[in-house]
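**Q** Mind looking over this structure? Questions follow.
The values are calculated or read from the model by the stated rules, or taken from the named source; none is laboratory data. Treat the numbers as computed from the prediction; the structure is a model and nothing was measured. Note: ideal-geometry Cβ built from the backbone for every residue, glycine included; neighbour counts use all protein chains shown.
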Amino acid sequence: MIVMIQKPRGTRDFFPDELEARRDSEETMRRAVSRWGYREVATPEFENLELFTLRSGEGIIEEMYAFQDKGGRDIALRPELTAPVLRMYVNEAKVLNKPVRWFYFGDCFRYERPQKGRYRQFWQFGIELIGADTSSADAEVIAVGYDLLRSAGVRFELRVGHLAMMKSLIVDLEVDIQKKVRGCLDKRDYGALHEVLPDTGRADQLTALIESKNLDDAFAITGAIPEEERIRETFAILDAHEVPYIQNFGIARGLDYYTGCVFEAFAENLGAENQIMGGGGYRLAHLFGGEDTPSCGFAIGFDRVMVSRGEESPRRPVTVAVVATPEGRIDSIRVASAFRKAGVRTITDLLGKSLSAQLSQAAKHADYVAVIGKREVEEGMITLRDLSTGEQKQLTIEDAVAGVVGIGVS
RNA sequence: GCUAGGGUAGGGUAGCUGGUCAUCCUAUAGGACUGUGGAUCCUUUGACCCGGGUUCGAGUCCCGGCCCUGGCCCCA
């Protein structure tokens, strides 16, 4: 027996029902960011490997689809889209009027162990706001993220923080200790924190900072820091945007290039992989040969959005099945064309089935049936049956089309 | 990379204390009902993930692999 070829690990096929639901969500999200003036860009599916190692270090090669092409170039399927978009900006868009508001939607590839909400090919939807280094910019990006997730129908919790708060308490420590401390705080693992940080007083200070519920409490712990005004403004503008969020100065994000505000969103009904959005302010452009340009952005895990939304049967567009007896076959082509010209999804029998068999098929796929048989041909009419009510009428083609379109619109 | 559970027709399942043509639902294809039909009836198609081992005999037990679903790690 021949072994059937299977799809590669961590990839998925999408049937029409699921794909239509995904397209619905995509369009909803595109419309949401458009309302904020963000415009879509697209970059290659693969890039020079160096683009990603410059950003994230050599270690990530292990988690990428990296290979040499036939010309011996080191290539990687893109594992994320922030670096490609910033590369695009540096290559071709430095002279654009600032700020630049871009969004992207595309598939990415990571060689990781698949689990719920984590695949080897997955889709990210994100925005990058380039060239605006203000509290208004930070707040706008967060507000767009909130708007986007909410319009997509996700239930989630938004957490907002700023790296300067934690940094001010650990800046004098050795770099690798800092990294461990940030890891502990990100996970709120205070037990591990005390192991990493023998200085109990400082560990308690950090714990209090993470647990603080308002800015006054937080600044009471850190004391005056240069970023205080920026942080207070950002939170105030967020309030003005009416974005509900939870203050969390423990958010560390994985990477060092984040510079200021950081935020994450967690979906309520996902499993271990429940982070649905992550982002913050960063500086990347200079790594790719551009000027040091402050940017802020986020990425949303689109597949997790779909999981979080759960089962929603997408509404099928109104569908007409044209069925015909042999005498009506030729006329039925003209009838089908008339419906299609009016924008109605119309299907016809291709297999030469009997009338009753055609009607059985129609009942599975359509909302209306247009019958064209000997009688209809002779009278120049068609019989239109509404499958939801069982009612049917003898109509001219024009009236039948108008009836379906009219009902379809309402 | 670590770990738990699991893979039986296209989908969903029974069998799993080794032993008749592997169960049922659905789906598919064909037919009956020959212009109001989504029904019903008859028939058809179609599966034990792959490889090895134990055994007279393996869907069933053992080992390895592949894949799936969770949980760690990681998460750009």
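**Q** Could you list, in sequence order, the residues of the range A:9-38 that are under 15 Å from A:D107 (Cα atoms), exposed (fewer than 11 other Cβ atoms within 10 Å of the Cβ) and away from RNA strand B (no atom under 16 Å from the Cβ)?
**A** Listed by number, the list is empty, since nothing qualifies.
**Q** Report yes if some residue within the range A:202-212 is closer than 16 Å to A:L163 by Cα, part of a strand (DSSP E or B) and small (G, A, S); otherwise report no.
**A** No, that holds for no residue.
Yes or no, residue by residue, for (1) of a type in the set (D, E); (2) in contact with a strand residue (DSSP E or B) (Cβ under 6 Å, 6 or more places away or on another chain); (3) assigned by TED's automatic domain parsing to the domain that holds A:L158; (4) assigned to a helix (DSSP H, G or I):
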{"residue": "A:A83", "(1), (2), (3), (4)": "no, no, yes, yes"}
{"residue": "A:V90", "(1), (2), (3), (4)": "no, no, yes, yes"}
{"residue": "A:V95", "(1), (2), (3), (4)": "no, no, yes, no"}
{"residue": "A:G126", "(1), (2), (3), (4)": "no, yes, yes, no"}
{"residue": "A:D133", "(1), (2), (3), (4)": "yes, yes, yes, no"}
{"residue": "A:A139", "(1), (2), (3), (4)": "no, no, yes, yes"}
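**Q** Is there a residue being surrounded by fewer than 16 Cβ atoms within 10 Å (Cβ to Cβ) and either away from RNA strand B (no atom under 11 Å from the Cβ) or of a type in the set (G, A, S) (or both) anywhere in the range A:302-310?
**A** yes
**Q** Moving on to the next point. Just wondering, is there one or more residues in the range A:376-388 that are within 8 Å of RNA strand B (Cβ to nearest atom), in the same structural domain as A:V323 (by TED's automatic domain parsing) and of a type in the set (S, T, N, Q)?
**A** Yes, that holds for at least one residue.
**Q** How many residues are exposed (fewer than 13 other Cβ atoms within 10 Å of the Cβ) and more than 7 Å from RNA strand B (Cβ to nearest atom) if we restrict to the range A:348-364?
**A** Residues that pass the stated criteria total 2.
**Q** Among the candidates A:R340, A:R345, which residue alone is more than 11 Å from RNA strand B (Cβ to nearest atom), free of Cβ contacts under 8 Å to residues at least 12 places away in the same chain, in contact with a strand residue (DSSP E or B) (Cβ under 8 Å, 6 or more places away or on another chain) and within 22 Å of A:G406 (Cβ to Cβ)?
**A** The unique qualifying residue is A:R340.
**Q** Restricting attention to the range A:268-281, and to residues there that are within 10 Å of RNA strand B (Cβ to nearest atom) and at pLDDT below 85, which single residue is nearest to A:L96 (Cα to Cα)?
**A** Applying the filter and picking the extreme gives A:E273.
The rows are residues; the columns are (1) in contact (Cβ under 8 Å) with a residue 40 or more places away in the chain; (2) within 10 Å of RNA strand B (Cβ to nearest atom).
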site	(1), (2)
A:K7	no, yes
A:N48	no, no
A:I60	no, yes
A:Y65	yes, yes
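**Q** Anything in the range A:282-293 that is outside any loop (DSSP other than H, G, I, E, B) and either surrounded by fewer than 20 Cβ atoms within 10 Å (Cβ to Cβ) or modelled with pLDDT of 95 or more (or both)? List them, or say none.
**A** First, the residues of the range A:282-293 that are outside any loop (DSSP other than H, G, I, E, B): A:282-283, A:285-288.
Hits for the range A:282-293 are A:R283, A:H286, A:L287, A:F288.
**Q** Checking the conditions here, which among A:G153, A:G161, A:G145 is in a loop (DSSP other than H, G, I, E, B) and assigned by TED's automatic domain parsing to the domain that holds A:E228?
**A** A:G153
**Q** Here's something else I'd like to know. Across the range A:233-267, what is the number of residues that are within 13 Å of RNA strand B (Cβ to nearest atom), in contact with a strand residue (DSSP E or B) (Cβ under 7 Å, 6 or more places away or on another chain) and either of a type outside the set (D, E) or assigned to a loop (DSSP other than H, G, I, E, B) (or both)? Steps first, please.
**A** Initially, the range A:233-267 is screened for residues within 13 Å of RNA strand B (Cβ to nearest atom), giving A:251-258, A:262-267.
Narrowing further to those that are in contact with a strand residue (DSSP E or B) (Cβ under 7 Å, 6 or more places away or on another chain): A:251, A:253, A:257-258, A:262-267.
After this cut, where a residue has to be either of a type outside the set (D, E) or assigned to a loop (DSSP other than H, G, I, E, B) (or both) as well, the list is A:251, A:253, A:257-258, A:262-263, A:265-267.
Number of matching residues: 9.
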